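Asker: Submitted below is the structure of interest, expressed as structure tokens.
The values are calculated or read from the model by the stated rules, or taken from the named source; none is laboratory data. Since we're looking at a predicted model, the values are computed, not measured. FYI the Cβ positions are ideal-geometry reconstructions off the backbone, even for glycines, and counts take in every protein chain you see.
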Amino acid sequence: MPVTTRSTDPSRLPRFPADFRWGASTAAYQIEGAADEDGKGPSIWDTFVRRPGAVRDGHTGDTACDHYHRFEEDVALMRRLGLDAYRFSLSWPRIVPTGAGKVEPRGLDFYDRLVDALLDAGIEPTPTLFHWDLPQALEDGGGWLDRDTAYRFGEYAAVAAERLGDRVKRWITLNEPFVHMSFGYGFGVHAPGRALLLDALPVAHHQLLGHGLATAAVRAAVPDAQVLIANNCTPVRLRSDARTDKDTAAASAYDILHNRLFNDPLLQGRYPDLSAYGMSDPSWGGVVRDGDLATIAAPLDGLGINYYNPTWVTAPADPAAGLPFDLAEPEEPYERTAFGWPVVPDGLTELLTGLEERYGAALPPVWITENGCSQPAGLDDPARIDYLAGHLGAIADAMDRGVDVRGYFTWSLLDNFEWAEGYHQRFGLVEVDFATGLRTPRASFEWYRDLIASQRS
Ligand code: IFM
């Protein structure tokens with residue numbers, strides 16, 4: 001079943017504005033390797049991957065794509081693609097090995113070289129300050145459960161912005177704070193591997209406070225910086241056979257936890273009603289302090305959206321089990337990625353127009369900071385091309401309906417370390433042989449290059 005009836009011929013895709021930015025994304029722990037080189041401190045992922053059973057087949061990011069040593073080759077690939085912008089992440093423990101205090105100059109030097117190589121290739125560096133690799137020393141003090149981590153994040157943001165801000169003008173503070181909270185601290189399937197369920201909620205607030213402090217730090221160092229955050233968002237859907245009032249309430253509760261818990265404070269300066277989660281105290285038992293929401297709601301220059309698929313929910317079969325929803329499977333026979341995720345391009349139109357409806361004038365320009373799919377190994381990847389064409393069409397539909405979208409970063413440039421799945425999921429436009437480091441562009445790489453070129457012609 002095709003994912004889209006649109007043509008994948010690059011020259012027949014909708015025309016995007018001339019200043020639309022075409023990009024690709026990666027993240028430090030997933031590609032860099034060099035896990036303990038040049039003074040880098042351990043991160044929670046360096047620790048977690050050594051926990052038996054935590055990552056499929058015991059894979060680690062110790063070497064990953066060896067991007068730390070091969071970044072020039074990777075920038076050359078980006079230049080071949082014709083990228084306008086590259087989203088990567090800075091490794092906090094490479095720059096501040098214990099998360100606070102002493103700065104490691106060799107870590108900063110690496111990002112200096114990367115930024116210069118990107119600029120030489122005409123590509124705008126777009127770093128994310130935190131893509132889940134918290135310094136282990138901070139986790140030992142409570143990690144994001146501890147308010148102090150937010151202040152340490154602000155300090156580290158200042159160090160990075162002071163060093164790179166003469167050349168880097170677009171900054172992303174956090175990647176997917178929802179996923180880090182829920183997978184890392186709620187269910188324990190990602191680092192730091194803590195299974196606290198709803199007791200993980202302070203992690204949401206402390207990350208958002210860290211975002212606000214980092215935003216101020218970046219702006220102090222780089223007055224002409226654009227500051228964004230990359231939120232993982234999902235439209236929430238109901239099955240046609242489960243549409244009772246209880247199902248609708250479950251959908252609303254899930255939307256609150258996954259989407260609004262992060263977007264409302266950023267865009268409206270308040271948290272959504274969390275009573276479905278047994279929380280009626282607006283201070284969350286003292287976690288949310290006076291002034292925090294004003295720090296968090298400092299106007300953004302853009303909202304980054306990472307979109308992969310909608311989420312289907314129903315009312316919980318056992319309301320006493322703890323959560324006010326159950327996750328469900330869609331009834332439609334959607335095509336699936338190698339990861340098993342349903343391919344639903346129109347979910348992205350629904351998500352973007354839904355954000356516009358909910359936040360109106362408070363919604364800043366949107367950037368798609370991640371979108372892509374895992375496909376079987378191999379160089380011929382028509383399903384990835386179909387996926388990208390379908391989702392770009394969905395973005396164009398949202399733009400036709402008034403949503404201001406400024407750029408698209410596909411996930412991912414390279415096959416890389418896919419967290420608990422290790423190297424088993426391949427998201428790259430470029431295939432990586434993890435034994436040798438050899439990079440080979442896939443058919444989707446050539447397609448994306450042709451698309452970018454045809455958009456410019
Ligand atoms: O690989 C991840 C990335 O680190 C965060 N967003 C989703 C991607 C695919 O799972």
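Asker: Any residue at all in segment 278-296 that is within 24 Å of Ile452 (Cβ to Cβ), touching a Phe, Trp or Tyr at 6+ places or on another chain (Cβ under 8 Å) and either among the small types (Gly, Ala, Ser) or part of a loop (DSSP other than H, G, I, E, B) (or both)?
Answerer: No.
Asker: Sticking with this structure for a sec: Please determine whether any residue of segment 85-104 is of a type in the set (Lys, Arg) and surrounded by 20 or more Cβ atoms within 10 Å (Cβ to Cβ).
Answerer: Within segment 85-104, one or more residues are of a type in the set (Lys, Arg) and surrounded by 20 or more Cβ atoms within 10 Å (Cβ to Cβ).
Asker: So if I check each of Asp415, Asp381, which one is modelled with pLDDT of 95 or more, closer than 21 Å to Trp447 by Cβ, surrounded by fewer than 24 Cβ atoms within 10 Å (Cβ to Cβ) and acidic (Asp, Glu)?
Answerer: Of the residues listed, the single one that is modelled with pLDDT of 95 or more, closer than 21 Å to Trp447 by Cβ, surrounded by fewer than 24 Cβ atoms within 10 Å (Cβ to Cβ) and acidic (Asp, Glu) is Asp381.
Asker: Would you pick out the residues in segment 311-350 that are assigned to a loop (DSSP other than H, G, I, E, B), closer than 25 Å to Arg270 by Cα and touching a Ser or Thr at 6+ places or on another chain (Cβ under 8 Å)?
Answerer: Matches in segment 311-350: Phe325 only.
Asker: I'm trying to understand the selection: among the residues of segment 364-407, which are within 18 Å of Glu431 (Cα to Cα) and either in contact with a His (Cβ under 6 Å, 6 or more places away or on another chain) or among the polar types (S, T, N, Q) (or both)?
Answerer: Of everything in segment 364-407, those that are within 18 Å of Glu431 (Cα to Cα) and either in contact with a His (Cβ under 6 Å, 6 or more places away or on another chain) or among the polar types (S, T, N, Q) (or both) turn out to be Asn371, Ser374, Gln375.
Asker: What's the number of the condition Gly422 fails, among (1) touching a helix residue (DSSP H, G or I) at 6+ places or on another chain (Cβ under 7 Å); (2) crowded, with 21+ Cβ neighbours inside 10 Å?
Answerer: (2)
Asker: Then there's this: Going through Phe434, Phe445 one at a time, which residue ends up being away from the ligand (no atom under 15 Å from the Cβ), touching a residue at least 12 places away in the same chain (Cβ under 8 Å) and in contact with a Cys (Cβ under 8 Å, 6 or more places away or on another chain)?
Answerer: The unique qualifying residue is Phe434.
Asker: To continue, here is another question. Quick check: anything in segment 85-104 in a helix (DSSP H, G or I), of a type in the set (A, V, I, L, M, F, W, C) and more than 22 Å from the chain's Cα centre (by Cα)?
Answerer: No, there is no match, as no residue in segment 85-104 is in a helix (DSSP H, G or I), of a type in the set (A, V, I, L, M, F, W, C) and more than 22 Å from the chain's Cα centre (by Cα).
Asker: Collect the residues in segment 425-446 that are closer than 16 Å to Ala389 by Cα and surrounded by 20 or more Cβ atoms within 10 Å (Cβ to Cβ), keeping them in residue-number order.
Answerer: If the condition is that a residue be closer than 16 Å to Ala389 by Cα and surrounded by 20 or more Cβ atoms within 10 Å (Cβ to Cβ), then Phe427, Gly428, Leu429, Arg442, Ser444, Phe445 are the ones that fit.
Asker: For segment 358-377, name all the residues that are over 30 Å from Phe445 (Cα atoms) and either part of a helix (DSSP H, G or I) or within 9 Å of the ligand (Cβ to nearest atom) (or both).
Answerer: Across segment 358-377, the qualifying residues are Arg358, Tyr359, Gly360, Ala361, Ala362.
Asker: A further question follows. With the condition kept exactly as written, say whether any residue in segment 165-181 is assigned to a loop (DSSP other than H, G, I, E, B) and closer than 25 Å to Thr353 by Cβ.
Answerer: Yes, that holds for at least one residue.
Asker: Which residue, of Arg94, Arg87, is at pLDDT 95 or above, under 29 Å from Arg21 (Cα atoms) and within 16 Å of the ligand (Cβ to nearest atom)?
Answerer: After applying the criteria, what remains is Arg87.
Asker: Among the residues of segment 113-132, what is the count of those that are in a helix (DSSP H, G or I) and either of a type in the set (Val, Ile, Thr) or surrounded by fewer than 18 Cβ atoms within 10 Å (Cβ to Cβ) (or both)?
Answerer: Summing the residues that are in a helix (DSSP H, G or I) and either of a type in the set (Val, Ile, Thr) or surrounded by fewer than 18 Cβ atoms within 10 Å (Cβ to Cβ) (or both) in segment 113-132 gives 5.
Asker: Still on this model: So Ala34 ticks every box in (1) surrounded by 15 or more Cβ atoms within 10 Å (Cβ to Cβ); (2) on the phi > 0 side of the Ramachandran plot; (3) in contact (Cβ under 8 Å) with a residue 40 or more places away in the chain but one. Which box is left unticked?
Answerer: Going through the list (1) surrounded by 15 or more Cβ atoms within 10 Å (Cβ to Cβ); (2) on the phi > 0 side of the Ramachandran plot; (3) in contact (Cβ under 8 Å) with a residue 40 or more places away in the chain, Ala34 breaks only (3).
Asker: With the requirement that a residue be of a type in the set (Lys, Arg) and closer than 21 Å to Phe88 by Cβ, what does segment 373-426 give you?
Answerer: Scanning segment 373-426 gives Arg384, Arg406, Arg426.
Asker: Next up: Restricting to segment 148-183, name every residue that is within 16 Å of the ligand (Cβ to nearest atom), farther than 16 Å from Thr128 by Cβ and not hydroxyl-bearing (Ser, Thr, Tyr).
Answerer: Those that are within 16 Å of the ligand (Cβ to nearest atom), farther than 16 Å from Thr128 by Cβ and not hydroxyl-bearing (Ser, Thr, Tyr): Met181, Phe183.
Asker: What are the residues in segment 127-143 that are more than 13 Å from Gly193 (Cβ to Cβ) and either of a type outside the set (Asp, Glu) or touching a residue at least 40 places away in the same chain (Cβ under 8 Å) (or both), if any?
Answerer: Within segment 127-143, Pro127, Thr128, Leu129, Phe130, His131, Asp133, Pro135, Ala137, Leu138, Gly141, Gly142 qualify.
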